[in-house]
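Note sheet for the following structure.
The values are calculated or read from the model by the stated rules, or taken from the named source; none is laboratory data. These numbers were taken from a predicted model, which means no experiment stands behind them. When we count neighbours, we look across all protein chains shown, and the Cβ atoms used for this are built from the backbone with ideal geometry, even at glycine. We work out accessible area using only protein heavy atoms, side chains counted, and drop any ligands, DNA or RNA first. Shrake-Rupley method; radii C 1.70, N 1.55, O 1.52, S 1.80 Å.
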Amino acid sequence: MRPIRSAIPALLASAILATSLTGCQFGAPEEDSGEIVIGADLELSGAAPQVGKAYQRALELRVEQLNESGALGGRRVRLEVRDNKFDASISATNIGDFTADPAISGIIMGSCNECAIGAAKTVKSKQVPTIALAPAGDVAAPGQDREFMFKLGPNARDNVAALAAELRSRRVKTVALLHTADKYGEEGVAALRNELVGPEEDATDIPIVIRRSVKPTDTDVSQAVGALVEEEPDAVIVWAPADQANLAITSLRGEGYRGHVFFDAVAAGDLFIGNSGRAAENTTMVFTQTMVIDDVIATTPAKAASKQWFRDYTARFGGYYGYSSFAADALQLIVDAAVRADSDGETPNRGRIRSLLETAETDGLSGPIRMTPENHSGLMPQALTLLVARGGRWRLAG
């Protein structure tokens, strides 16, 4: 096996994923020279280009690592990327083209909830396994209706559980909520209400005294933030993507708010916080350790692989983007399943790939991933931790 140029240990993650998913040594016969072709429908322009471009960089880096490693024998991975411009109609056209191509082994979709939810029927009817990186639970649930659709990334209920535990530990009495006016925002509101004010018996009695929503495309959240601050809550929860979360924290500090501020996992963006760095100081965010893996001692092969991925990505692109590991893991899952499915390089065994994805158990770059027929959203709750903004970047809390 030939190591990649950037770092010899970088394929540790591949070995971990392969042995856990396939139950055997990773690899394919040398004489098998077929391609594993994966389509990627990403938001490279429009409302969320930063996220889409981060996904593209991660996917291309992972493809390069796999192809240069020799781990696939004579086979190679080829990525076909299309821009959906954060437009569900354009995404539908892309997905239609991908599913009509018999060479495609699987599809990876980006952060657009509406795009992924809208694609579910098409990928099921055409039987093309698809992993979406969009956060909404409806993307991959219920499993019986999303037979060919999977999701990789933090789940709202797990994010809320981590946030609620921290609110309790800080003895927060009241919270205000800023959330996006979309499927994931609605999911967050419902999960927070259930966890903080009932109806569960163990719910914490922390009322949400005010909430305001913003469109996912809004570039000014100051009016909504001002309304939250007027209620003088002990804490503000920001349930919005990275760009809007950074706008919110700047507005909060501009309003003179000095209470606790919490970000949901969807707010994870660049490791270095940029213009909002000083305003974001001491903000707490739920996310995976991969974002701050340089703070973590590599006590396991999986953590060592995550550290190497962090180094490779940072060395190549000059910084680190939190969600990049989910894109790399999604690609790795499809490649591993395609290898085990014994695709012939011309007509991928998509049904077999789907079945293998549905029972995948791996320690990925993002953390433990477990798929089941009932649960197509694979990131395990224990992958999440708390991060804190210190000195203009995210650090491991504690």
The number of residues in segment 303-318 that are open to solvent by 20 Å² or more (accessible area, probe 1.4 Å) and small (Gly, Ala, Ser) is 3
Every residue in segment 315-359 that is among the hydroxyl-bearing types (Ser, Thr, Tyr) and free of Cβ contacts under 8 Å to residues at least 12 places away in the same chain, please. Ser355
Considering residues that are touching a residue at least 40 places away in the same chain (Cβ under 8 Å) and either touching a His at 6+ places or on another chain (Cβ under 9 Å) or open to solvent by 20 Å² or more (accessible area, probe 1.4 Å) (or both), the number found within segment 57-66 is 2
Pairs, please: C-beta under 6 Å, at least 6 apart or cross-chain, first residue over 14 Å from Ala40 (Cβ atoms) and in segment 89-102, second modelled with pLDDT under 95 and not in a helix (DSSP H, G or I)? Pro102/Thr347
Condition check: open to solvent by less than 60 Å² (accessible area, probe 1.4 Å), out of contact with any Lys or Arg (no Cβ under 7 Å at 6 or more places or on another chain) and within 19 Å of Leu196 (Cβ to Cβ). Does Phe263 satisfy that? yes
Would segment 240-249 turn up any residue that is more than 24 Å from the chain's Cα centre (by Cα) and open to solvent by less than 50 Å² (accessible area, probe 1.4 Å)? no
State all residues of segment 342-398 that are of a type in the set (Lys, Arg) and either open to solvent by 50 Å² or more (accessible area, probe 1.4 Å) or out of contact with any Pro (no Cβ under 9 Å at 6 or more places or on another chain) (or both); if no residue qualifies, say none. Arg352, Arg370, Arg390, Arg393, Arg395
Might you let me know whether segment 67-76 holds any residue that is acidic (Asp, Glu), in a helix (DSSP H, G or I) and either modelled with pLDDT of 90 or more or open to solvent by 30 Å² or more (accessible area, probe 1.4 Å) (or both)? yes
